[in-house]
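Please treat every number below as a calculation from the coordinates, not as lab data. In this text, all values refer to a predicted model and were calculated from it rather than measured experimentally. Heads up, the Cβs are rebuilt from the backbone with ideal geometry, glycines too, and the neighbour counts pull from every protein chain shown.
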Amino acid sequence: MLIRRRKPWDLPESEVTDYKVYKNRRQFLNTSITAGLALAAAPSIGLGKPVDELQVYKDLKPSPFSTDEEKTTFEAITTYNNFYEFGTGKEDPSLYATEFPDESQIWKVEIDGECDNPGVYEYDDLVKPFTMEERIYRMRCVEGWSMVIPWIGFPLAELLKRAKPNSKAKYVEFTTLYDPEQMPGQNRDVLEWPYVEGLRMDEAMNPLTMISVGLYGKELLGQNGAPLRLVVPWKYGFKSIKSVVRIRFVEEMPQTAWMKANANEYGFYSNVNPNVNHPRWSQRRERRIGEFLKRDTLMFNGYGDYVAELYSGMDLKRYF
Ligand SMILES: Nc1nc2c(c(=O)[nH]1)N[C@H]1C(S)=C(S)[C@@H](COP(=O)(O)O)O[C@H]1N2
Ligand SMILES: [Mo]
């Protein structure tokens, strides 16, 4: 596929200021993080794999679902992450996922459960049939920050249809790789490993839901969930599970990693909803990374036209 190399600092002029603002803050973060990790053989603060070695996608199909809001910088998207398999600090994933995924291994995804066409797919075969789209989505983390990310990928529905789910398939469960050697965070019990997420069947089939294999025109870095991750833009970020190795059709609602960790704080649905607070903080406002002033959080993260009907008649305070 690919093939032209573009460096992250080759960014449009409009993004330069944003980057500077972020960088000042990041320098501060770096100092505190390195100080706390005296024992770890910390590589230099980097972006994971050398960016100019990343595969570049071309001939991307633009998407009508894209926002035209200003994109968050590549730098911020790839160094300010949540990926607890590599540690709970925002910079841990970019520091410790530099060799992830191990390129000597062939990445496989198992698709099974309530379907007529289960199988184990190698990454290349899984991705080959799809036309890659660029979709610029707002993403809202439950912690109160947000980004605008130019994802590359394809609709999850297209992938699921190939597996031919049967009539018992009410939910889809997703599982991240379990490999404590590659993912040192799995040696600590902050969450029950492997990380599991789930969607109701109609949420999974919604055209907004995508499998992402890249961003900013390039293949995904480890810290963003390489080689493929889910993207569900109307739900809090933790639903967008990274580095998926298993997709299973199930009859019962899956028990997700965050529900197991704290069912009072993290519900199955986790739709972005400014009217339902997290038990320990308000969800009314958010800080867009790179901006100073907070902005109002939108119902369904602004995607209500596409997804509100999925929840008609449901009490969203109860099914949070
Ligand atoms: N496997 C796995 N997936 C995960 C997480 C994680 O810790 N492990 N963190 C989630 C959270 S809380 C957020 S906000 C998003 C962040 O995605 P990004 O770092 O690519 O922006 O990933 C989600 N997916
Ligand atoms: Mo998050």
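So the values come out like this:
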item	result
Residue that is farthest from ligand 1 (Cβ to nearest atom) [pool: residues in segment 236-272 that are of a type outside the set (Gly, Ala, Ser) and free of Cβ contacts under 8 Å to residues at least 40 places away in the same chain]	Asn264
Search result, residues across segment 163-173 that are surrounded by 15 or more Cβ atoms within 10 Å (Cβ to Cβ) and closer than 20 Å to Phe130 by Cα	Ala163, Pro165
Flag if Ser270 is in contact with a helix residue (DSSP H, G or I) (Cβ under 6 Å, 6 or more places away or on another chain) and among the small types (Gly, Ala, Ser)	yes
Pair list, Cβ under 7 Å, 6 or more apart: segment 279-303 residue without any contact (Cβ under 8 Å) to a residue 40 or more places away in the chain, other residue among the hydroxyl-bearing types (Ser, Thr, Tyr)	Arg284/Thr297
Residue among Leu228, Leu220 that alone is touching a residue at least 60 places away in the same chain (Cβ under 8 Å) and either away from ligand 2 (no atom under 13 Å from the Cβ) or among the aromatic types (Phe, Trp, Tyr) (or both)	Leu228
Flag for Glu203 being under 27 Å from Lys164 (Cβ atoms), charged (D, E, K, R) and near ligand 1 (Cβ under 10 Å from one of its atoms)	no
Sole residue being within 13 Å of ligand 1 (Cβ to nearest atom), among the β-branched types (Val, Ile, Thr), closer than 22 Å to Val244 by Cβ and part of a loop (DSSP other than H, G, I, E, B), chosen from Thr78, Thr88	Thr88
Pick from segment 239-254, criterion of a type in the set (A, V, I, L, M) and touching a Leu at 6+ places or on another chain (Cβ under 7 Å), ranking: farthest from Glu122 (Cα to Cα)	Ile241
Any hit, segment 273-290, residues being touching a helix residue (DSSP H, G or I) at 6+ places or on another chain (Cβ under 6 Å), within 16 Å of ligand 1 (Cβ to nearest atom) and not in a loop (DSSP other than H, G, I, E, B)	no
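So that you can scan it fast, the table gives a plain yes or no per residue for (1) under 21 Å from the mean Cα position of the chain (by Cα); (2) in a strand (DSSP E or B); (3) away from ligand 2 (no atom under 16 Å from the Cβ); (4) among the small types (Gly, Ala, Ser):
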{"residue": "Ser104", "(1), (2), (3), (4)": "no, no, yes, yes"}
{"residue": "Val109", "(1), (2), (3), (4)": "yes, yes, yes, no"}
{"residue": "Asp112", "(1), (2), (3), (4)": "no, yes, yes, no"}
{"residue": "Ile136", "(1), (2), (3), (4)": "yes, yes, yes, no"}
{"residue": "Met139", "(1), (2), (3), (4)": "yes, yes, no, no"}
